[in-house]
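Remarks on the structure that follows.
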Amino acid sequence: MADHDDEEFKMAVRMSMQLETPEPKRSKPWENTTNEGEESEMITRRLQRDLMAAAAEKRMLSMTNEADPTETTKVEKDVIFEQAEVGNSSDTLMQTVSDDSHDSQTNFGIQLSPVEANKLFSIVFGDDVTKAIIAQWSNQGIRFSPDRDTSMGLVQHEGGPCGVLAAIQAYLLKHLLFSSEESVAPVEDLTSFTDEEKSRALTKSMAEILFLCGNGDKAVVANLSIFNNTNQGSESSMNDVIAKSLDGFSGSELQKVLRVQSYKSKEEAIERLETMLPVFNSRMGALLFLISALLSRGLDCIQAERDDPTQPLVTAPFGHASQEIVNLLLCGEAVAHVFDGQMDLGGGMSLRGISKKVQVGFLTLMESLNFCKVGQFLKCPRWPIWVVGSESHYTVLFALDSSVQDENEFERRESQVRRAFDARDQSGGGGFISVEGFNQVLKETSISLPMQKMDNLCNSGFIVWSEFWQTLLDLDNRLGGLKDTTGLNGKKVFNVYHFNGIAKSVPGCQMLIQRPRFTQLRVSVPPKWTPEEFMSLTPSTSSTADSEPVSQHAPLVDCIRTRWPRAVCNWVGDSPSIV
């Protein structure tokens, strides 16, 4: 029997050496059958011959790249059958051939169907996407900054994909700063991480996000078939191939080059991502990762979670990542809002927000402008790391000490009252509630307001948070208030760091140098201030060791105050930029 099999393998080798390259074979769906004997044996033997021919072909191709073509080495081949799942649909039984080395040219995955590829392209870009937006999203790799001072950060060269990069950056910092496995260098020295440590943290971060999108059950990793012969080549050769393949980029073109694989083991997914790092470093990296996250979640599920599934995830006219993309990567759900839970609009309609506490959070300038309200799930994540959103860009804020998240007694009371207030706020984050809702808040938080204060707050028919909070600060503790005669209750001082990955020119340099921006901020949170004190806060030109820190202002400070109200910030050098 062994001699017979060996003879068949030699025949397969001869078949593979034909001048004309055999057409790639695609397996057909298995069908249940009770036929036995000659017909079953014929089907089995035909399948074996096909697999052996493909294996021999791969072996001969690899032998042509060796330095000594006369020297042969025995290579054992494993036949792998796997059911590949993409989105909410599953392909038929897929046949692939791989060897023990698991090299970068092995097992590139399966093609999406034309319908699935067009659906994916439409969800991401819509039907009227411009060439400029396509260029932005197909020219941004996931790579570390070459600048030493910002070497722990991912550098951005194109506008648009910053939402994807900032989310990955947030998880990357989690694994660098708060994972004992990675914390070889002192955490205070953010420039001392080795390339190996950073690469390992990056692949773990990407895998964590993909499994988060896949409900912890699976991760789909997207690749391009055009990398088949360029994985080991130079970066310029990769980019040349990409540029040619993306000429007239569309759903049908995407279907031709996109390949996907599904993983149920996080270790296997990390191993795959490690081998694909050159691909994600290439100019298609950010887009491939977004596609991986969408397919991990499932396209039908993505559309069901969105408020308006007719709009593309990449927004016109500037090609920015939508809030749905950022929420998907941070929380695993493609919802459009940042408040906690659901908001009932009446008539059976509701808006979906964040459903659970997250590992890394989100703050936005839009909240300081009263356009939205970020809930506690995003404001108080497991780790002190936040993606920061402005009108057109996403950056990252973080602390090295997780204790900045700890609440003292003053903050616990403030959070309790604020949660009760926000639960009755039907204005979409406007910061006011009805008199009926206000009475429920007072009852739930055990606050006894004197009649005069009650009348002053309720005389307009609705209660504004800022006025209610100031009343609590002047109300005695015995009545449920937060009056503090010492002025020290709840004071906090700590450091935070801000990273803006977009590369901009360094001022004052004779040579043109571009690099990301990194700023350390000293944050002091006084226990209270009046509206008059708040408005009088202006940058000071001098301070002493015994005085309060210099008060400086930038839009980032407004974002920080949505997390720590009344925060006073100061820094050295240029102002931190969130654009």
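The values are calculated or read from the model by the stated rules, or taken from the named source; none is laboratory data. These figures come from a predicted structure and were not determined experimentally. Here the Cβ positions follow ideal geometry from the backbone for every residue, glycine too, while neighbour counts run over all protein chains shown. These accessible areas exclude ligands, DNA and RNA; they are computed on the full protein's heavy atoms, side chains included. Shrake-Rupley method; radii C 1.70, N 1.55, O 1.52, S 1.80 Å.
What the table shows:
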read-out: Selected residue [at pLDDT 90 or above, open to solvent by less than 50 Å² (accessible area, probe 1.4 Å) and not in a strand (DSSP E or B)] from PHE121, PHE108; value: PHE121
read-out: Hits in the stretch 217-246 - residues which are over 15 Å from the mean Cα position of the chain (by Cα), farther than 20 Å from TRP137 by Cα and modelled with pLDDT of 85 or more; value: ASP217, LYS218
read-out: Subset tally (residues that are under 20 Å from the mean Cα position of the chain (by Cα) and in contact (Cβ under 8 Å) with a residue 40 or more places away in the chain) for the stretch 247-274; value: 12
read-out: Close pairs (6 angstrom Cβ cut-off, 6 or more residues apart or separate chains): basic (Lys, Arg) in the stretch 114-132, assigned to a helix (DSSP H, G or I) anywhere; value: LYS119/LEU299
read-out: Tally of residues being more than 17 Å from GLY126 (Cα to Cα) and either of a type in the set (Phe, Trp, Tyr) or open to solvent by 20 Å² or more (accessible area, probe 1.4 Å) (or both) across the stretch 294-322; value: 2
read-out: Enumerated strands (runs of 3 or more DSSP E) restricted to the stretch 323-376, each holding at least 1 residues that are aliphatic (A, V, I, L, M) and surrounded by 23 or more Cβ atoms within 10 Å (Cβ to Cβ); value: 361-364
read-out: Inter-residue pairs, beta-carbon under 6 Å, first small (Gly, Ala, Ser) and in the stretch 346-358, second assigned to a strand (DSSP E or B) and open to solvent by 40 Å² or more (accessible area, probe 1.4 Å), 6+ apart; value: SER350/GLN342; SER350/ASP344; GLY353/ASP340
read-out: Count - residues of the stretch 484-539 that are among the hydrophobic types (A, V, I, L, M, F, W, C), modelled with pLDDT of 85 or more and open to solvent by 80 Å² or more (accessible area, probe 1.4 Å); value: 0
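The rows are residues; the columns are (1) of a type in the set (Gly, Ala, Ser); (2) touching a helix residue (DSSP H, G or I) at 6+ places or on another chain (Cβ under 8 Å); (3) modelled with pLDDT under 90.
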site: GLU407; (1), (2), (3): no, yes, yes
site: PHE410; (1), (2), (3): no, no, yes
site: ARG413; (1), (2), (3): no, no, yes
site: VAL417; (1), (2), (3): no, yes, no
site: ASP422; (1), (2), (3): no, no, yes
site: SER427; (1), (2), (3): yes, no, yes
site: PHE432; (1), (2), (3): no, yes, yes
site: ASN439; (1), (2), (3): no, no, no
site: SER446; (1), (2), (3): yes, no, no
